[in-house]
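Coordinate-derived values only; no laboratory data. The model shown is predicted, which means the values in this text are computed figures rather than measured ones. Quick reminder, even Gly has a Cβ in these numbers, built from the backbone with ideal geometry, and neighbours come from all protein chains shown.
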Amino acid sequence: MVLIHGFPFDAELWDPQFEALGREYRLIAPDLRGFGNSSATTEYSIGAFAEDIAGLLDRLEVERAVVGGLSMGGYTALELLRHHRARVMALVLADTRAEADAPEIRARREAQQDQVIASGSDSLVDAFLQTILSEETRSDRPRVVDALKGLMEQPDASWIGGLEAMKNRRDSSDLLGAIDIPTLIVVGEHDAVTPVEVARAMHDGVRGSRLVVIEGAGHISNLESPAAFNAALKSFVDEL
Ligand code: MLT
């Protein structure tokens, strides 16, 4: 199973899933280019991220895998599906969406890029945490907040590049109706970035998909409510 992290994090986002499922399943969690231990690049695009994953599967001689992604990782998983359909045996789409950015989201990302250039990415961290975590997580789970702060320590160039990649991504809605592999859609109950209605619409669009709403979680459901997320993931892959 390949697990693709969201923005602006790295593979350590998936630590709770490695702890729970890592003995039973072979989990592969790459750092996307520019994030974590992967080196910086000049090209940041969802297409390039997806090709990197395909290349990694080649290198590891993995023919087919369950491919899961959270948020930007979900955008990447859908792009991988578009170009490397045969490599994907099942899909996990967590706190993500199929549509491209709406104009106001593009404008917001541009403003964020300008802010990183002017004041550094640190200046965005608090506002991001406010948006991506549920109120419950922010008030009751300081360890999760700290872990995410640590994960957000990515180079400024990668923040700018990741925002660029998401801003320019294509619409993947056309793929949904043709998905004929097992698909799990997970969303935090209080996800303010890719809300439950968005997940429900994807669930309606993908025949036979399973939708799990994670109570109390925001946009980073795998880390905010690992027990519920892991249970959903485990029961999905156990049945494959
Ligand atoms: C992510 O979690 O990857 C990003 O917040 C997604 C987004 O901003 O579209």
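Some observations on this one:
- Working note: 222 nm ellipticity from helices only, DSSP H runs with n ≥ 4, each -39,500 (n - 2.57), summed and divided by the residues of the chain, gives -15000 deg cm²/dmol to the nearest 500.
- Once the Cα-Cα distance is subtracted from the 0.36 nm per residue extended length, the Glu136 to Arg170 segment shows a gain of 8.9 nm.
- In plain terms, the chain is cut at each of the GluC sites (Glu not before Pro) found in a DSSP loop with at most 13 other Cβ atoms within 10 Å, and the longest leftover piece is 64-152.
- The range 122-240: C-alpha gyration tensor shape, a/c 1.5 cut-off, then a/b vs b/c: oblate
- Relative contact order (%) - the range 140-240, alpha-carbon pairs under 8 angstrom, separation at least six: 24 percent
- Cα-based shape type of the range 160-205, given that a ≥ b ≥ c are square roots of the gyration tensor eigenvalues and the cut on a/c is 1.5: oblate
- Between Gln115 and Glu153, the contour length at 0.36 nm per residue exceeds the Cα-Cα span by 12.1 nm.
- Each DSSP beta bridge with both residues in the chain is either parallel or antiparallel, and the antiparallel ones are about 0%.
- Taking every C-alpha pair closer than 8 Å and separated by at least 6 residues, the mean separation divided by the residue count of the range 65-144 gives a relative contact order of 23 percent.
- Loop-resident sites, the range 183-220, for trypsin sites (Lys or Arg not before Pro), counting at most 14 other Cβ within 10 Å (DSSP): Arg207
- Reported value for the range 42-135: 132 Å³ per residue, from the convex hull of its C-alpha atoms.
- Length added when fully stretched, Ala40-Glu63, from 0.36 nm per residue minus Cα-Cα: 5.6 nm
- Shown here for the range 3-108: trypsin sites (Lys or Arg not before Pro) in loop regions (DSSP other than H, G, I, E, B) with at most 15 other Cβ atoms within 10 Å, namely Arg23, Arg26, Arg64.
- C-alpha center-to-center spacing [the range 71-109, the range 1-61] in angstrom: 14 Å
- Note: relative contact order over the range 1-106, using C-alpha pairs below 8 Å and six or more positions apart, is 29 percent.
- A simple spin-label model places the labels of Asn230 and Ile105 3.0 nm from each other, with each point 7 Å out along Cα-to-Cβ.
- In the range 58-210, inverting the average of 1/r over every pair of distinct C-alpha atoms gives 16.8 Å as the Kirkwood radius.
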